[in-house]
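Right, one structure below, let's go through it.
The values are calculated or read from the model by the stated rules, or taken from the named source; none is laboratory data. Only a predicted model underlies this, so the values are computations on that prediction, with no experimental measurement involved. Cβ coordinates were reconstructed from backbone atoms using ideal geometry, including for glycine residues, and neighbour counts include every protein chain displayed. Please note that ligands, DNA and RNA were not included when accessible areas were found on the heavy atoms of the full protein model with its side chains. Shrake-Rupley method; radii C 1.70, N 1.55, O 1.52, S 1.80 Å.
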Amino acid sequence: MVLISAQPYDYQLPVKGLGLLIIDMQRDFLEPGGFGEALGNDISYLRQIVPTVKQLLQTFRSLQLPIFHIIEGHAPDLSDCPNSKRQRGRGNLKIGDVGAMGRILVLGEPGNAIIPELSPASGEFVISKPGKGAFCRTNLEKLLNEQGITHLIITGVTTEVCVQTTMREANDRGIECLLVEDATASYFPDFKQATLEMICAQGAIIGWTATAAEVLQGLRTWQAKLTFA
Ligand code: C5J
């Protein structure tokens, strides 16, 4: 049995069925002129996790484990964007308006792309979602079932919005989830901290949290065990 040292107690890695979920590491959230900034946020907090997410991505690649990239975006005709969502924020630029990186939060626009450092490689799954949770109006559940995924290591932004919503949805579907503390970020550090605490409260009511170093250590042990099994 391979364990990751985690909160609120050790997380057990499965022999098979492990995947990496990377949520919304898009230019729209991390770069100037995107959706995040249009809502009035300080985007600098989000960039800080890029090297850590990249390290996890490279490790999952080297272990040939499934990788799922999630992006938030809407069809060009905005038919999948409820008016309620479009009106939120009351900023000068709304979803669908033309900003510095093309139309805000619209699929296929330059600003909607995953940041170049974390670009998906061939064979990795890319799932677009119109909402905050990655299971809502997407084929993610079907894909995870087809890939036999029972355990997810979760990274991405923003901790208390798309990441937490998705982790709750996954947990309700019976998936054992671990959120990587230093591979997730929020525009509001206090919200991130509160989310990390509420996820693993009540004996891991939504799941576990651990640092990237703890996850990487667990994966090294996991690989060594499988190699010599
Ligand atoms: C938001 C997200 N915050 N990726 N999206 O609108 O968390």
Glu117 meets each of (1) touching a residue at least 12 places away in the same chain (Cβ under 8 Å); (2) over 18 Å from Thr166 (Cα atoms); (3) not β-branched (Val, Ile, Thr); (4) not in a helix (DSSP H, G or I) with one exception, condition (4)
Does the range 79-95 hold any residues that are assigned to a helix (DSSP H, G or I), over 14 Å from Lys129 (Cβ atoms) and open to solvent by less than 70 Å² (accessible area, probe 1.4 Å), and which are they? Ser84, Arg86
Just give me the residues in the range 199-223 being crowded, with 19+ Cβ neighbours inside 10 Å and farther than 14 Å from Leu18 by Cα, in sequence order. Ile199, Cys200, Ala204, Ile206, Gly207, Trp208, Thr209, Ala210, Ala212, Glu214
Pick from Leu196, Leu226: which is open to solvent by less than 20 Å² (accessible area, probe 1.4 Å), farther than 21 Å from Phe68 by Cα and outside any loop (DSSP other than H, G, I, E, B)? Leu196
Give me the pairs: first residue in the range 163-177 and touching a residue at least 12 places away in the same chain (Cβ under 8 Å), second residue open to solvent by 50 Å² or more (accessible area, probe 1.4 Å) and within 15 Å of the ligand (Cβ to nearest atom), beta-carbon distance under 8 Å, and six or more apart or on different chains, which are they? Thr165/Lys132; Thr166/Lys132; Glu169/Cys136
Got at least one residue in the range 180-189 being over 18 Å from Val50 (Cα atoms) and either aliphatic (A, V, I, L, M) or open to solvent by 40 Å² or more (accessible area, probe 1.4 Å) (or both)? no
Residues of the range 147-186 that turn out to be more than 13 Å from the ligand (Cβ to nearest atom), farther than 18 Å from Phe60 by Cα and part of a strand (DSSP E or B), as a count: 0
